[in-house]
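Only one structure is covered here, and it is reproduced in the block below.
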């Protein structure tokens, strides 16, 4: 009888389990890493960890204008959004190293 898996299902399952373990370890390591971003020429700075938690938010006093609170809000939003994007890119890049060559569907891991 023809076996489309080439008769090596047990070997393939071991590889999948090993990949899962490596991915879990990498995810734990990535949670500890941080990204630093800024907006408004550096007047708002955000440090975010791999769990997408803001570790630090620094606002230069020159950015605090009671007459233009909306600008400060925009700068904070921009910095946080950029930090989230960088964390996503960092996670994707590192996971890609593990899954490279496996031809997995996008978003599977």
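The values are calculated or read from the model by the stated rules, or taken from the named source; none is laboratory data. Keep in mind that what you see is a predicted model, and the values were worked out from it rather than measured. Neighbour counts run over all protein chains shown; Cβ positions are idealised from the backbone, glycine included.
Filtered by the rule that a residue be buried (at least 16 other Cβ atoms within 10 Å of the Cβ) and either under 19 Å from residue 89 (Cβ atoms) or in contact with a helix residue (DSSP H, G or I) (Cβ under 6 Å, 6 or more places away or on another chain) (or both), the stretch 54-78 gives 63, 72, 75, 78. Of the residues making up the stretch 37-53, just one is in contact (Cβ under 8 Å) with a residue 40 or more places away in the chain and closer than 13 Å to residue 90 by Cα, namely 50. Restricting attention to the stretch 85-105, does a residue exist that is at pLDDT below 95, over 24 Å from the mean Cα position of the chain (by Cα) and outside any helix (DSSP H, G or I)? Checked against the condition, which is being at pLDDT below 95, over 24 Å from the mean Cα position of the chain (by Cα) and outside any helix (DSSP H, G or I), the stretch 85-105 yields no hits at all. Just checking, does the stretch 36-53 include any residue being surrounded by fewer than 18 Cβ atoms within 10 Å (Cβ to Cβ), part of a helix (DSSP H, G or I) and over 19 Å from the mean Cα position of the chain (by Cα)? Looking through the stretch 36-53, at least one residue is surrounded by fewer than 18 Cβ atoms within 10 Å (Cβ to Cβ), part of a helix (DSSP H, G or I) and over 19 Å from the mean Cα position of the chain (by Cα). Selection over the stretch 48-73 of residues that are closer than 18 Å to residue 85 by Cβ and touching a strand residue (DSSP E or B) at 6+ places or on another chain (Cβ under 6 Å) gives a count of 6.
Of the conditions (1) closer than 16 Å to residue 94 by Cα; (2) free of Cβ contacts under 8 Å to residues at least 24 places away in the same chain; (3) in contact with a helix residue (DSSP H, G or I) (Cβ under 8 Å, 6 or more places away or on another chain), residue 34 clears all except one; give me its number. Exception for residue 34: condition (3).
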